[in-house]
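Below is one structure; the comments refer to it alone.
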Ligand code: 3PG
């Protein structure tokens, strides 16, 4: 866990990689890595997502390549088999947590209420995704939850962008923010991977500012 946590602490931004083609996914990932981001979340939202994950994990062994939108224990097992070094899920699924724990792979489940966070806490988790962050209260929600769950760190995701990133990262309990704003579909469709590198650099500048 410490390895990925150190990278999250350093860069504080986790871009989502979504593609229906492994070759395109590799180009997106390369653009992000060129921009300085080294924790990538490949989301299971296309038929080719597992192939994309496997290709990225193989091609960039020094990056932290995780799987996102993981919904079940079976999917958790599959993404670990395909090379995921961490797992992110939209909600809290104790069976997936068990699979991840057995494999010694970090898992960041999504929570959006104090009750869900308490369940995650009682499963031994101390790093969670706050999702969908902008709809459940944004930075103020992370702050409010952290005043009670003092040893929990959050990765807000959902509605984070260049304009509000700073506000989220200003909350001490926010470890990093995740999101798709770094990999816009139109840039991918145009083949404008330089735009993705630029967005990654901008995000790092905001995070370090
Ligand atoms: C996720 O999978 O975490 C969210 O769908 C990302 O939300 P965003 O597209 O608003 O960044």
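The values are calculated or read from the model by the stated rules, or taken from the named source; none is laboratory data. As the structure is a prediction and not an experimental result, all values here were calculated from the model. Counting neighbours? That spans all protein chains shown, and the Cβs are built from the backbone with ideal geometry, glycine included.
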Worksheet item: Which of the residues that make up segment 2-42 are at positive phi and surrounded by fewer than 20 Cβ atoms within 10 Å (Cβ to Cβ)?
Response: 36
Practice prompt. Restrict the check to segment 43-63 and report whether at least one residue is within 16 Å of the ligand (Cβ to nearest atom), buried (at least 24 other Cβ atoms within 10 Å of the Cβ) and either in contact (Cβ under 8 Å) with a residue 60 or more places away in the chain or within 18 Å of residue 8 (Cβ to Cβ) (or both).
Written response: no
Worksheet item: Right, residue 116: part of a helix (DSSP H, G or I), away from the ligand (no atom under 16 Å from the Cβ) and either at pLDDT 95 or above or over 14 Å from residue 174 (Cα atoms) (or both) or not?
Response: no
Worksheet item: Would you pick out the residues in segment 27-59 that are assigned to a loop (DSSP other than H, G, I, E, B) and within 13 Å of the chain's Cα centre (by Cα)?
Response: 37, 38, 44
Item to complete: Taking residue 135 as the residue in question, decide whether it is in contact (Cβ under 8 Å) with a residue 12 or more places away in the chain, over 22 Å from residue 30 (Cβ atoms), in a loop (DSSP other than H, G, I, E, B) and out of contact with any strand residue (DSSP E or B) (no Cβ under 7 Å at 6 or more places or on another chain).
Response: yes
Worksheet item: Filtering segment 61-76 down to residues that are part of a loop (DSSP other than H, G, I, E, B) and in contact with a strand residue (DSSP E or B) (Cβ under 8 Å, 6 or more places away or on another chain), which residue is nearest to residue 45 (Cα to Cα)?
Response: 69
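Every residue, every condition in (1) more than 20 Å from residue 70 (Cβ to Cβ); (2) at pLDDT below 95; (3) in a strand (DSSP E or B), yes or no:
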site	(1), (2), (3)
108	no, no, yes
124	no, no, no
129	no, no, yes
146	yes, no, no
150	yes, no, no
Item to complete: Answer yes or no: is there a residue in segment 3-15 that is within 19 Å of residue 207 (Cβ to Cβ) and part of a loop (DSSP other than H, G, I, E, B).
Response: yes
Worksheet item: If a residue has to be within 11 Å of the ligand (Cβ to nearest atom) and closer than 21 Å to residue 119 by Cβ to count, how many in segment 136-162 make the cut?
Response: 4
Fill in: Count - residues of segment 163-209 that are within 14 Å of the ligand (Cβ to nearest atom), part of a loop (DSSP other than H, G, I, E, B) and out of contact with any helix residue (DSSP H, G or I) (no Cβ under 6 Å at 6 or more places or on another chain)
5
Practice prompt. Go through segment 124-144 and count every residue that is touching a helix residue (DSSP H, G or I) at 6+ places or on another chain (Cβ under 8 Å) and surrounded by 14 or more Cβ atoms within 10 Å (Cβ to Cβ).
Written response: 9
Discussion item. Name the residue that is nearest to the ligand (Cβ to nearest atom), counting only residues in segment 77-102 that are part of a helix (DSSP H, G or I), in contact with a strand residue (DSSP E or B) (Cβ under 9 Å, 6 or more places away or on another chain) and under 22 Å from residue 59 (Cα atoms).
Written reply: 79
